[in-house]
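Below: one structure, written as C-alpha cells.
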Amino acid sequence: MDLYKYIKIDEDSRIPKYQQIVDSIIDNISRGNLKIDQKIPSINRFSEDFYLSRDTVEKAYSILKERNIISAIRGKGYYVSRTKLIKKINILFLINKLSWYKMEIYYSFINSMGPNSYTDLHIYHCDESLFLNLLNKHKKAYDYYVIMPHFKTKDHEHISTTIPVSKALIKIPKDKLIILGNKKTPIKNNIITVYEDYENDIYNALKDGFSKISKYKKIVLVYPKKTVFPYPKQITHGFMKFCVDHQLDFDIIDKVYDDMVLKDGDLFITIEEDDLVNLMEQTRDKEFILGTDIGIISYNDTPLKALLGITVISADFKAMGEKTSYMILNGERGEYKVPFNFIDRNSL
C-alpha cells in the first residue's frame, strides 16, 4: 500500500507514537497522498508492519474516527472519510434558529476566519434534546465549538440553559468552547464569550433615543409570550426600567392584533417581523402618519428595515462574528460585549 512509503514513525521522538500516526495520516491526506474513500491498513496490519503495539494503533485510529477523518465499515476496513477539513481549523457552529441576523453573524464569522477554516452550521431550534443529540454526535470532532445558548421551557418561555445542557457544556474543553450571544451559562472563566446584555442593551439604546421617544404619549412593547423561538425576558425588564426611570406611560402586549385600536401618540416597539408588518399595514390603512402620529421601533436591524426607513435598536451582528473569529485566531480568552445601537430613521 502506498501509505507505507509516507508514514514515518520516529523512535527517538518525544511525541507519542499514536500521535505520530494521527499526524502522518492527516499530513498525507493534506498532501494528496491519500484520497477520500481510499482504504487504509487495518489495525492489525498497521501494527505488524510498523512493529507497534495494537493498542497504539487502535488509539490513533480512534482519534481519527472521532474527528471524522476516517470511518470504519464493518467487514471491509477503514477508509478516509473527510479530506476537506484536513489542515484547517474545524468549527462546529450551533445556533438556535434561522433568521437574517443569525446568518449575518455566521457569514461575518466564516469570512473573518478565512480560507484556512471549515465551519459546520447546525440549527437546534431552541430544543434541548436536538441540541444534546447534535453535541453528542459531534463531540471531539472539532477544534472549536461556537454555541448560541437559547432554549425554551415546556411553557414556551425562554431559558438560557438547562441542567443537561450545562452538564454537556462543562464537558467541552474550555480552550475549545465559545459562547455567543447569551453569556448566562455555568462556564465563566478562560473561555471566549461574545455576548449581548439584553436588559441593559435595550435600556441604553432607548435612552439614546429619548429626545424623540419622549414626544409620544404611550410606549407599547410587543413581546411575544408564546412563540416557537422565545426571547429573553430581560428585554422586558430593561424596557420597564427605562419607562419607569423616565416617567413614561407604557404597556406590554404579546402581539399586534388584527384591527387593534391605535391612538395618535402611540409608540410601538416590535420584536417579531410579523408584528412589524401587521402594525405598518394597520397604520397605513387607518391613515396615520408613521413617525408623526404613530411611532415604530423594531428590535434587530435588517437590510429591509433600513430600506423601509424603520428605526431600530440592534446589536452589531457583523461585529459579533468578526470579534469571535478574531479571538479564536489570536488565541484570546475573555468576555466581549457586542455594541448595541439606537439607529434613528423615518418611523420615529
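Here are some notes:
- Per-residue packing, averaged as other Cβ atoms within 10 Å, sorts the ranges 250-257, 117-124, 152-159 into the order 117-124, 250-257, 152-159, beginning with the highest.
- Summing Cβ point charges (Lys, Arg +1; Asp, Glu -1) relative to the Cα centre of region 3-80 gives a dipole of roughly 340 debye.
- Which label in (1) 1.28; (2) 0.98; (3) 1.21 gives the computed Cα Rg over 2.2 N^0.38 Å: (1)
- Unit charges at the beta carbon, dipole of region 199-315: most positive-side option, T236, V261, F288: T236
- Simple Cβ-charge dipole of the chain, Lys/Arg +1 and Asp/Glu -1, about Cα centre, in debye nearest 20: 1600 debye
- Solvent exposure of the chain amounts to 50 Å² per residue of accessible area, where only protein heavy atoms count and the probe is 1.4 Å.
- Shape analysis of region 1-106 yields a ratio of the Cα radius of gyration to the Kirkwood radius, Rg/Rh, of 1.09.
- By DSSP, the beta bridges lying fully in the chain are antiparallel in about 25 percent of cases.
- Estimated FRET transfer efficiency (I170, A306; beta-carbon r; R0 51 Å; 0.05): 0.80
- Debye, to nearest 20: dipole size of region 213-275, +1 on Lys, Arg Cβ, -1 on Asp, Glu Cβ: 320 debye
- Full extension of the chain between I36 and R74 gives 11.9 nm of extra length, using 0.36 nm per residue less the Cα-Cα distance.
- Order of exposure, largest accessible area first, which applies to R45, R284 with probe 1.4 Å: R284, R45
The values are calculated or read from the model by the stated rules, or taken from the named source; none is laboratory data. Note that the structure is a prediction, hence the values are computed from the model and not measured. No Cβ is skipped: glycine too gets one built from the backbone with ideal geometry, and neighbour counts run over all protein chains shown. Ligands, DNA and RNA are stripped out before the accessible areas are found, and what is left, the full protein with its side chains, is counted by its heavy atoms. Shrake-Rupley method; radii C 1.70, N 1.55, O 1.52, S 1.80 Å.
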